[in-house]
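Notes follow the structure.
Nothing in this text is a laboratory measurement; each read-out follows from the coordinates by a stated rule. Here the structure is a predicted model, which means the values were calculated and not measured. As a convention, Cβ positions derive from the backbone with ideal geometry for all residues, glycine included, and neighbour counts pool all protein chains shown.
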Amino acid sequence: MYMDIDLWLEAFLEKLKELFGERLMFFGIQGSYARGEQTGGSDIDVVVILDRICGDDLTAYRRMLDSLEEKDLVCGFVAGWDELMGWERSDLLQLYLDTRPVFGSFDRIASFTADDIRRAVLSGACALYHTVSHNFLHARDKDMLAGLYKSARFTVRMKHYLESGEYISNMSRLSDMLPDGSDDRRILELASCIDDFDSCSMILLEWAGKIIRTH
C-alpha cells in the first residue's frame, strides 16, 4: 500500500498536538520515507521529542498508535529534550542527518565536529565487525547477514561524509557517487544481493576491520 506520506504526517502531527500540546518540541520523519526510497511495506520511522518523557507519556503514545490503521508500520525514536541534549554525539549525528523535520527544529544540536563523524564511522564498523563474526561462527543466519549489510550502508554513508564533507541521504545516489570497484561501493551493491553466505560474511568483516584499523 502506497500512501501520501505528507498528508499522513500532517494528520499524525495533529494527533501528537492533541495528546501532548505545547510539550511537543519536535516531530520528524527518518528512514526510507525521508530518503524517498520507500516501498509499499516500508516502516514509517518517526521522531518524536517532548520536553520530557515519563511512563504515562509512553503509555498515552502507545494507545494513540494502537488507534491507527498503520500501527504495525509505525516505529521510530522517542525521547525527552534534555536526554537528547545529553546523547552520545556520534550517535546523535546520525539522527540529526537522517531526520526530515515536520514540526520544530534540531538547530540547537547542529554543532558537530569532525571527531563526532569519525566516531560515528568507527562505532558502526565495530558493531558490524562483532556481529558478522558472531553470526559466521554461531548463528549462520543469512537473513541476519542481509540485515547487517543493510546497516553497513549507513556506515558507508557516514564514511563518505567524513571523507568528502558531503552527506548523501539517498542510497542509490550515494552508490553512483562512489568510485567503480571501490570497497564502499561493493558493500552497497551486496546489500541488495547476498548470495554466498561465507564469502559475503568475509567481505563485510574485512571491510569493517579495515575501518577499525584506520579510523
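Below is a table of values for the structure above.
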read-out: Chymotrypsin sites (Phe, Trp or Tyr not before Pro) lying in DSSP loop within the stretch 143-195, provided at most 16 other Cβ fall within 10 Å; value: TYR167
read-out: Highest average packing first - 36-44, 8-16, Cβ atoms within 10 Å; value: 8-16, 36-44
read-out: Shape of the stretch 33-137, Cα gyration tensor, a/c cut at 1.5; value: oblate
read-out: Mean separation of Cα contacts under 8 Å, 6 or more apart, over the residue count of the stretch 26-148: relative contact order %; value: 28
read-out: Charge-dipole axis of the chain as Lys and Arg at +1 and Asp and Glu at -1 on Cβ define it, positive-most pick from ILE109, CYS54, LEU205; value: LEU205
read-out: Lys pairs under 20 Å by Cα in the chain, provided they are eight or more residues apart or on distinct chains; value: 6
read-out: Low-density loop cleavage sites - trypsin sites (Lys or Arg not before Pro) in the stretch 63-96, where at most 15 other Cβ are within 10 Å (DSSP); value: LYS71
read-out: ³J(HN,Hα) computed for each position of the stretch 78-85 - Karplus, 6.51 cos²θ - 1.76 cosθ + 1.60, integer Hz, glycine/proline x; value: 10, 7, x, 5, 5, 5, 4, 5
read-out: Computed [θ] at 222 nm, deg cm²/dmol, the chain (DSSP H ≥ 4; -39,500 (n - 2.57); rounded to nearest 500); value: -18000 deg cm²/dmol
read-out: Principal axes of the chain: Cα extent on each, largest first, Å; value: 52, 38, 33
read-out: Cα-based Rg of the stretch 129-215 normalised by 2.2 N^0.38 Å, two decimals; value: 1.06
read-out: In sequence order, calculated HN-Hα J values of the stretch 141-155 (Karplus, 6.51, -1.76, 1.60; Hz; x Gly/Pro); value: 9, 5, 5, 5, 4, 4, x, 5, 5, 4, 5, 4, 4, 6, 6
